[in-house]
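First the structure, then my questions, so here it is.
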Amino acid sequence: WMGGFFLKSALDNICKALDTINDRTGMIFSLLFFPGWFLVLYSVVVRYFFNAPSYWAGDLAKFVFAVYFMVGGAYCLTNNSHIRVDVIYNLLSYQKRRLIELLVVFPLLFAFAFPLIWHGSIFAWKSLKYMELSPPPTNLPVFPVKIAIPIAGALFLLQALADLYRFCFDKKPEEGSR
């Protein structure tokens, strides 16, 4: 049926677009590792070598790494590089792995993504509304980090949906895919 072909083609293109978005977003946000690492190094050096603790560097490093890890979740899902115990999993047939994914893994992904989006949106809105700052003495803006929570949750959810679609409707498993 022609309509089914066009729908599958459109969904395949959407999945590819989501892969591209999450891959590029992950690559860009992975660069946050370097300023985060520098902030930690700076904080340690001034604290232990100059006996002059830097509170702002530690807080800012936490914020930078928080965004780095949140956005990294969708990137890892896109590249199938998240942590999984493969010892038993790889011994199973593709059909048994498919059943495990559908009954266990995907429900857990969605149970993780929806609270991130829902509650993260509430946290982000309140933080932005009140222009939330970190506690003294640093008083750094917190709202950019809290805004990243629902965005990361949405990227994660969309990638999980794309993976679920591919997992259910791709006839032949690709190398490295679930």
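The values are calculated or read from the model by the stated rules, or taken from the named source; none is laboratory data. What you see is a predicted model, and the numbers here were worked out from it, not measured in a lab. Reconstructed Cβ throughout: ideal geometry from the backbone, glycine too, with neighbour counts over all protein chains shown. Each accessible area value is taken on the protein alone, full model and side chains, heavy atoms only, with ligands, DNA and RNA left out. Shrake-Rupley method; radii C 1.70, N 1.55, O 1.52, S 1.80 Å.
Specify the residue with the greatest mean-square fluctuation among Pro144, Pro136, Pro115, computed from a Gaussian network of the chain linking alpha-carbon atoms under 10 Å apart.
Sorting by GNM fluctuation, first place goes to Pro136.
For Leu133, what residues show an amide H to amide H distance below 5 Å, using hydrogens built from the backbone and excluding near sequence neighbours?
Amide H neighbours of Leu133: Val142.
Next question. With percent of Cα pairs over 19 Å apart in mind, check [x] 66; [y] 71; [z] 61 and report the label derived from this structure.
The value computed from this structure is option [x].
For helix 33-48, report the angle its Cα long axis makes with the longest principal axis of the Cα atoms of the chain; keep it between 0 and 90° and round to the nearest 10°.
Helix 33-48 and the main axis of the chain meet at about 30 degrees.
Continuing with the same structure: Under a 10 Å cutoff between Cα atoms, tell me which one of Ser43, Ser93, Ser121 has the largest fluctuation in the Gaussian network model of the chain.
Ser93
Still on this structure, I have one more. Please list 25-37, 46-58 highest first by mean number of surrounding beta-carbon atoms within 10 Å per residue.
Packing proxy ranking, top to bottom: 25-37, 46-58.
Accessible area per residue of the chain at 1.4 Å probe, in Å²? Please report the intermediate quantities before stating the final value.
Numbers: 11800 Å² over 178 residues.
I get 66 Å² per residue for the chain.
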